[in-house]
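Right, one structure below, let's go through it.
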Amino acid sequence: MRFAHISDLHLSQTLVAGVRADAAAIVEQLSRDILRISEILDFVVVSGDVTEDAEFASFRQFEDMFAQIGLPVYMVPGNHDGPAVYYNCLDQFPTLSSWDITNKVVELPGLCLLGIDTCIEGETTGRIKADAMKIIERESARRGAPPLVIVMHHPPITTGLQEFDAVSQLEGIAELHDIIKRSERPKLILSGHVHRPYQGRIDGAGCFVAGSTTSAFAPDLPFGSSPILFRGLQDFYYVYEVDENGRYVVTPQHFPYVPSE
Ligand SMILES: [Fe+2]
């Protein structure tokens, strides 16, 4: 199956430091590009922080832009989405609600998706809660099942950049690693949160951090103690092809964007 992975759009009703003022225009262009290539895609994965401000209007903006693509969307919340407000929105926005896969297993031809909410209300760091851990354990232990794609906001890998790793500490990470180590089921884990793409591997699981199209950070050095400097635009997202054996190919897809200022 083929899909686009995006994260950390940070749509906002007010201007905020650390997010481009033209974030909505960038996300509009991003969604247009996914629409343009939609004939070769099966779905879109969103790993949280679709909003910066957890405002209903920002969730509505996201819903409007991505509903136009016409592909299934599968998403989980990020820490900026509340996540309490995110769940309130699901009660009122049927389309958004149909996209949420928190603690759900979506069985697709040749692939399963599992969404995990790793957020703690009011905190930047994350936690894999007990109910979610049980689902991960159960799904990881399924023998002969198609590849499992876990979607969560906080990365399951250490990036090696201190400032990123400080804000992405994840309670339950040791248990997750243990589950992955015992599991023979092919797995990918898609995440966001740190606004720079990283790719890594935990035992049998390929792990991918999507970066942020509207709030990219670019430290002077990719690993170590460099401060995370605001860069702004990341004019690409990632497209995946995963076969029924868990073999995969991932490539960045650039979208055209010319700032108006
Ligand atoms: Fe974010």
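Each value in this text was obtained by applying a stated rule to the coordinates, not by laboratory testing. Because the structure is predicted, anything quoted here is derived from the model rather than measured. Note that each Cβ is placed from the backbone with ideal geometry, even for glycine, and that neighbours are counted across all protein chains shown.
The slack between Arg247 and Leu35, meaning 0.36 nm per residue of separation minus the straight C-alpha distance, is 73.8 nm.
What the phi angles of the stretch 243-248 give under the Karplus curve with 6.51, -1.76 and 1.60, with θ = phi - 60°, is a coupling list of 9, 5, 9, x, 6, 9 Hz, glycine and proline written as x. Between Glu175 and Tyr87, residue separation times 0.36 nm minus the direct Cα-Cα distance comes to 29.0 nm.
FRET efficiency for Lys129 and Val258, Cβ-Cβ distance as r, R0 = 51 Å, nearest 0.05?
Working: r = 43 Å, r/R0 = 0.84.
So the FRET efficiency works out to roughly 0.75.
Is the stretch 16-163 best put as rounded, prolate or oblate by its Cα gyration tensor, with a ≥ b ≥ c the root eigenvalues, rounded for a/c under 1.5, and otherwise prolate when a/b is larger than b/c, oblate when not? Oblate is the answer for the stretch 16-163, as a/c is 1.5 or above yet b/c matches or exceeds a/b.
Each label was represented as a point 7 Å from its Cα along the Cα-to-Cβ direction; for Ser226 and Glu121 these points are 3.8 nm apart. Comparing mean-square fluctuations of Leu188, Leu15, Leu30 from a GNM of the chain with C-alpha springs under 10 Å, the top value falls on Leu15. If you take all other residues with their beta carbon under 14 Å from the beta carbon of Pro222, and give Lys and Arg +1 and Asp and Glu -1, the sum is -1. Measure out, as a whole number of angstrom, how far apart the alpha-carbon centroids of the stretch 71-138 and the stretch 191-261 sit. The distance from the Cα centre of the stretch 71-138 to that of the stretch 191-261 comes to 20 Å. Net charge in the neighbourhood of Ile37 (other residues with Cβ under 13 Å of its Cβ; Lys, Arg +1, Asp, Glu -1) is -1.
Modelled this way, with points 7 Å down the Cα-to-C-beta line, the labels at Glu55 and Asp165 are 3.7 nm from one another. The residues neighbouring Pro94, those whose beta-carbon lies less than 15 Å from its own, together hold a net charge of -3 under the Lys/Arg +1, Asp/Glu -1 convention.
Specify, per residue and in Å³, the volume enclosed by the convex hull of the alpha carbon atoms belonging to the chain. Write out the running numbers ahead of the final one.
Values: hull volume 30.5 nm³, N = 261.
Cα-based convex hull of the chain, divided per residue, equals 117 Å³.
Here the Karplus relation 6.51 cos²θ - 1.76 cosθ + 1.60, evaluated at θ = phi - 60°, turns the backbone of the stretch 223-237 into coupling constants of 10, x, 10, 4, x, 7, 8, 5, 10, x, 7, 10, 8, 8, 9 Hz, with x for every Gly and Pro. Springs between alpha-carbon pairs under 10 angstrom, Gaussian network model over the chain: which of Phe223, Phe56, Phe236 fluctuates most? In this elastic network of the chain, the residue with the biggest mean-square fluctuation among Phe223, Phe56, Phe236 is Phe223.
Converting phi to 3J(HN,Hα) with the Karplus coefficients 6.51, -1.76 and 1.60 and the offset θ = phi - 60°, the stretch 137-147 yields 5, 4, 5, 5, 7, 5, 8, x, 7, x, x Hz in sequence order, with x at every glycine or proline.
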